[in-house]
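Enquirer: Here you go, one structure.
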Amino acid sequence: MSLAPFPPVAPCPRLDLVLVGARGQVGTAFRTRLAAQQAAIARRSGIDLRLLAAFDRRGFAYDLEGLAPSRIEAALRPRREDEIEALFAHLQAPRSAPALVVDCTASDAIAARYPEWLASGLGIATANKRANARELAFYRQVQRAAAAGGAPYRFETTVGAAIPILGPLRDLALRGEGVRAIQGVLSGSLSFLLQRLHDGCRFSDALAEAQALGYTEPDPNEDLRAEDLVRKLLVLAREAGFPIEAHEVAITRFADLPDRPSASDLAAEDARWAARIASATAAGTRWAIVAEVDADGARIALRELDAASPFATLPAGQNLVRIETELQGERPLWLGGPGAGPAITAAGLLSDVIDASTALVRAQADSRRRSVAA
């Protein structure tokens, strides 16, 4: 008896990725995770993720058949600016495969391109806070461009790395449950520093450790001056419905070092924090840097809290957010988890990539069905 052959397996629809910031800490961690999961994603989601192009400030790589994520370093060659423009002209022209930009940078120049890319139908999954933390008018322009282009725009990792915070906020808005207040430890880098300081570590040593682990921004002063924390609070506040501008956030800086701190600058900060920690320990309190927004405005402040406070007892590098709503006042919603580091950020970014890719492939299939029906 002869057996009938197996029916042919339909190929997965292809989705082209363009990785921006390919050799940065987050970009490198993302490539590592994509290489490990690419085949599994194709099996489970039915989408063939192809790394069409990768670039950073110095290098560029492109292959129509797809680049191997694990071999990008060898594939990158010196970048010419006209190559980037040619790449995006190709992506924005009518083509068979949908495309998604994966932004692993902290670049204002890249963020400024979001409205153009989204309006043309390119999806974006980003760990870059800059677009959503610019002036409120630009934030709204990006949202309108995504809607006009029918393009997915995913940025969960801009607040809390891989912690799902922004998704629940959107769900609250969709069901008409107004947010009254948000409080949180939103900086994994600063929560790491505070934990190490309370452990008895010198400020300068704790800062060097945080930098080595990839917890801080490339310029750690963006963390210490609360500049990066302001961006996170703006994203969170705006998604919750608070129309806040950056200049409206009241700020207490964690530290105020010059751009290139000397040994004496660091020694002075070591002494200041040693005195603070000693005083808090004697009083049974702990320091935390808390960001909050409510009807009275937005604030970022160093606070001396009861040692049992959830915000004061976080493990190093953890984030925690408290959301009070019209229906959840006495028992607010709490969300927490690891909030810093390239690996955890890359994991959250890959989740956004899969979600956005699914939306793009579905939209393309719907468009084709409508064309056939017409």
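The values are calculated or read from the model by the stated rules, or taken from the named source; none is laboratory data. Given the structure is predicted, the values throughout are model-derived calculations rather than measurements. Here the Cβ is made from the backbone with ideal geometry for all residues, glycine too, and neighbour counts use every protein chain on show. These area figures cover heavy atoms from the full protein model, side chains too; ligands, DNA and RNA do not enter into them. Shrake-Rupley method; radii C 1.70, N 1.55, O 1.52, S 1.80 Å.
Enquirer: Using only the Cα atoms of the stretch 53-197, build the gyration tensor, take square roots of its eigenvalues as a ≥ b ≥ c, and label the shape rounded, prolate or oblate: rounded if a/c is under 1.5, else prolate if a/b is larger than b/c, else oblate.
Expert: The shape class here is oblate.
Enquirer: On to the next question. With all protein chains present and a 1.4 Å probe, how do Tyr215, Tyr62, Tyr139 order by accessible area, largest first? Show your work: numbers first, answer last.
Expert: Values: Tyr215 60, Tyr62 90, Tyr139 20 Å².
Ranked from most to least accessible, the order is Tyr62, Tyr215, Tyr139.
Enquirer: Could you compute how much accessible surface Glu326 exposes when probed at 1.4 Å, giving the result in Å² to the nearest 10?
Expert: 100
Enquirer: Also, quick follow-up: What FRET efficiency comes out for the pair Arg57/Arg303, r = Cβ-Cβ distance, R0 = 45 Å, nearest 0.05?
Expert: Values: r = 38 Å, r/R0 = 0.85.
So the FRET efficiency works out to roughly 0.75.
Enquirer: Percent relative contact order of the stretch 254-342, based on C-alpha pairs within less than 8 angstrom and at least six residues apart?
Expert: Working: 84 pairs, mean separation 15.0, N = 89.
Reported relative contact order: 17 percent.
Enquirer: Still on this structure: Set the Förster radius R0 to 22 Å, insert the Cβ-Cβ distance between Thr313 and Ala274 as r into 1/(1 + (r/R0)^6), and round the FRET efficiency to 0.05.
Expert: Numbers: r = 21 Å, r/R0 = 0.95.
After rounding to 0.05, the efficiency reads 0.55.
Enquirer: Moving on to the next point. Just the C-alpha atoms of the stretch 182-307: what Rg/Rh do they give, with Rh taken as the Kirkwood radius?
Expert: Working: Rg = 14.8 Å, Rh = 15.1 Å.
For the stretch 182-307, the value is 0.98.
Enquirer: To continue, here is another question. What are the ³J(HN,Hα) values, in whole Hz, obtained from phi via the Karplus relation 6.51 cos²θ - 1.76 cosθ + 1.60 with θ = phi - 60°, for each residue of the stretch 275-291 in sequence order, with x given for Gly and Pro?
Expert: Going residue by residue, I get 5, 4, 5, 4, 5, 5, 4, 5, 8, x, 10, 9, 8, 8, 10, 10, 9 Hz, with x marking Gly and Pro.
Enquirer: For Cys104, what accessible area in Å² do you get when you roll a 1.4 Å probe over the heavy atoms of the protein chains, rounding to the nearest 10?
Expert: Only protein atoms counted, so the area is about 20 Å².
Enquirer: Right, next: List the pair-distance distribution P(r) of the stretch 140-190, using every Cα-Cα distance, as the percent of pairs falling in each 10 Å bin from 0 up to the bin containing the longest distance, rounded to whole percents.
Expert: Over the stretch 140-190, the share of Cα pairs per 10 Å bin runs 20, 42, 33, 5 percent.
Enquirer: Still on this model: Once you keep just the Cα pairs under 8 angstrom separated by 6 or more residues, what percentage relative contact order results for the chain?
Expert: For the chain, the relative contact order is 20 percent.
Enquirer: Write down the accessible area per residue of the stretch 275-323 in Å², having rolled a 1.4 Å probe over the full set of protein chains.
Expert: Details: 2010 Å² over 49 residues.
Using a 1.4 Å probe on heavy atoms only, each residue of the stretch 275-323 averages 41 Å².
Enquirer: Now a separate question. Give the percent of DSSP beta bridges with both residues in the chain that are antiparallel, rounded to the nearest 5. Before the final figure, lay out the partial values.
Expert: On the way: 32 of 53 bridges.
Antiparallel bridges make up about 60 percent of those DSSP assigns within the chain.
Enquirer: So, one more: Please find the FRET efficiency linking Ala137 to Glu81, where r is the Cβ-Cβ separation and R0 is fixed at 35 Å, and quote it to the nearest 0.05.
Expert: On the way: r = 28 Å, r/R0 = 0.79.
Efficiency for this residue pair is about 0.80.
Enquirer: With θ set to phi - 60° and the Karplus curve 6.51 cos²θ - 1.76 cosθ + 1.60, what are the ³J(HN,Hα) couplings of the stretch 345-353 in order, to the nearest whole Hz, using x for Gly and Pro?
Expert: 5, 5, 5, x, 5, 5, 4, 5, 4
Enquirer: Hey, another quick one. Looking only at the stretch 191-235, which residues have a backbone nitrogen under 15 Å from a spot 7 Å from the Cα of Thr252 in the C-beta direction?
Expert: Taking a point 7 Å out along Cα→Cβ of Thr252, the residues of the stretch 191-235 whose backbone N falls under 15 Å are 191, 194, 225-226.
Enquirer: How large, in percent, is the carbon and sulfur part of the accessible surface of the stretch 25-151 at a probe radius of 1.4 Å?
Expert: Working: 2930 of 5790 Å².
Result for the stretch 25-151: 51 percent of the exposed heavy-atom area is carbon or sulfur.
Enquirer: If you don't mind, there's one more thing I want to ask. Helix 25-45 sits at what angle to the longest principal axis of the chain, using alpha carbons and giving 0 to 90 degrees rounded to 10?
Expert: 40
Enquirer: Using only the alpha carbons, work out the radius of gyration and Dmax of the chain in angstrom.
Expert: 22.6, 87
Enquirer: Hey, rough spin-label estimate for Arg331 and Arg175, points 7 angstrom out along Cα→Cβ, what's it come to in nanometres?
Expert: About 1.3 nm, to one decimal.
Enquirer: How big is the equivalent ellipsoid of the stretch 313-374 along its three axes, where each semi-axis is √(5λ) from the Cα gyration tensor, reported in whole Å from largest to smallest?
Expert: Details: eigenvalues 290, 85, 4 Å².
Values for the stretch 313-374, descending: 38, 21, 4 Å.
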